[in-house]
Structure formats: structure tokens, C-alpha cells
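Nothing in this text is a laboratory measurement; each read-out follows from the coordinates by a stated rule. Bear in mind that the values here come from a model prediction, so they are computed numbers and not experimental data. With ideal geometry, Cβ positions are generated from the backbone for all residues, glycine too; neighbour counts draw on all protein chains shown.
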Amino acid sequence: MASCKFCSENCPKESGKRSSKFFCSPKCYLLFRTKKQEENCWLCKTAVRKDGYSSLKIDGKEVLAHRLSYQIFKGLIPSDKLVCHKCDVRNCVNPDHLYLGNDSTNALDRQRRNKSTCQTGEKNHRSFLTNQHILDIRKMCEKGFSSEYLCKVFNLKYSHFTRIKNRQIWAHI
Ligand SMILES: [Zn+2]
Ligand SMILES: [Zn+2]
């Protein structure tokens, strides 16, 4: 019986060659590999792929770190949704920076990212809103999501959020 490298709990699994086996849970594995910056991005240090996303091997299967984080901290990912970053840092796994988007959101993100491919967490710790985010925010308001929830998800100050909602800013969309 080995102990978890992150929380020191006894691991139910035999430690083996696969690195995920040194941890008691995918959560411990993810957090061990992550450099936390309070309030900012949690950068996952393992295998940052060519496309900028970071991946972990869980029981021999490659999983994307930000999707894993979403599942651990927030819950299931509906099959028609993608996990998107509002901070624009692809290997960031801070659950507060992740939101469920659709294809169009992601395509828009991709377009924006192509302009500057080399980005660091430091540059991107502020919330960065796109047209699609604004549309999502307003749609979610209509669907009855609470202001507190939306402020948290989109990392907005309440005053900023109300101005978006009341079309005092971003009035053109
Ligand atoms: Zn553990
Ligand atoms: Zn982030």
C-alpha cells in the first residue's frame, strides 16, 4: 500500500508505472500537477500539448486537464457542451475560469487566440469578455440564473455585470 503523493492518504491502488497510480484520486493527481496562483490561473504543468491544452493520463487514458477539473469541481459536462476558458489560458484548470460553452463560443475563442498564440497566465488573469460571453450572460439572465452566480462564473464585479445586463455597455450586441 503506497500513500498518495498529494494528500498522503493511503492509496487503495498499488503503485505502478502509471503516474496516476501514485494518487488516491484524479483530483489529487490534478492538484499535484497544478501551480496555483490565488485568484488567478491554476496552471497545469503536465504535458502541455501543441494546441496549448494540458493533459493527464488517468488509468492509461489521456484526459484534458481543464475538462477533468470541471468534472471534479463543478460536475458533469453535457455531451453537447464544451469546457471553455474565460481567462484564455488553455492549460489553466481553475474551475472559476471554466464555463460550459457551445461550438460557436469555442470557434470565437479560437479566432481570438490565433491572433496571439503565445500567452502566459500573468497576462490573462483578468476576465476577458467577448461578444459571445455577453450574449451568454444575457441569455443566462433571461433563463433565470442568479446575478451572484453569473458574476462568479464570468468573474465580474456586480456593477459591471448590471451594466452589461441593462445594455449600458456592450449595447451594440
Ligand atoms: Zn490523495
Ligand atoms: Zn485561468
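Under 5 Å between amide hydrogens, built in the peptide plane, is the criterion, and for S3 it picks out C11 among residues at least 5 positions away or on other chains. Based on the Cβ-Cβ distance of S147 and A171, what FRET efficiency does E = 1/(1 + (r/R0)^6) give at R0 = 25 Å, to the nearest 0.05? Rounded to the nearest 0.05, the efficiency is 0.85. Ranked by how many other Cβ atoms sit within 10 Å of their own Cβ, fewest first, the residues V93, V83 fall in the order V83, V93. Note on N131 and K27: the extension gain reaches 34.1 nm, defined as 0.36 nm multiplied by sequence separation minus the Cα-Cα distance. In terms of packing, defined here as the mean over residues of other Cβ atoms within 10 angstrom, the peptides 154-165, 69-80 line up highest first as 154-165, 69-80.
Evaluate E = 1/(1 + (r/R0)^6) for K61 and K35, where r is the Cβ-Cβ distance and R0 equals 35 Å; express this FRET efficiency to the nearest 0.05. Before the final figure, lay out each step's value.
On the way: r = 24 Å, r/R0 = 0.68.
So the FRET efficiency works out to roughly 0.90.
Taken one residue at a time, the phi angles of segment 45-60 give Karplus couplings (6.51, -1.76, 1.60, θ = phi - 60°) of 8, 7, 3, 7, 7, 4, 7, x, 7, 9, 10, 10, 9, 10, 6, x Hz. Gly and Pro are set to x.
Please order T34, T130 by the number of other Cβ within 10 Å, starting at the fewest.
Values: T34 21, T130 16.
Ranking T34, T130 by Cβ neighbours within 10 Å, fewest first, gives T130, T34.
Once the C-beta distance of R49 and L76 is scaled by a Förster radius of 22 Å, the resulting FRET efficiency is 0.40 to the nearest 0.05.
Evaluating 6.51 cos²θ - 1.76 cosθ + 1.60 at θ = phi - 60° for every residue in segment 156-165, the Karplus couplings come out as 10, 6, 4, 5, 4, 4, 4, 5, 5, 4 Hz, glycine and proline recorded as x.
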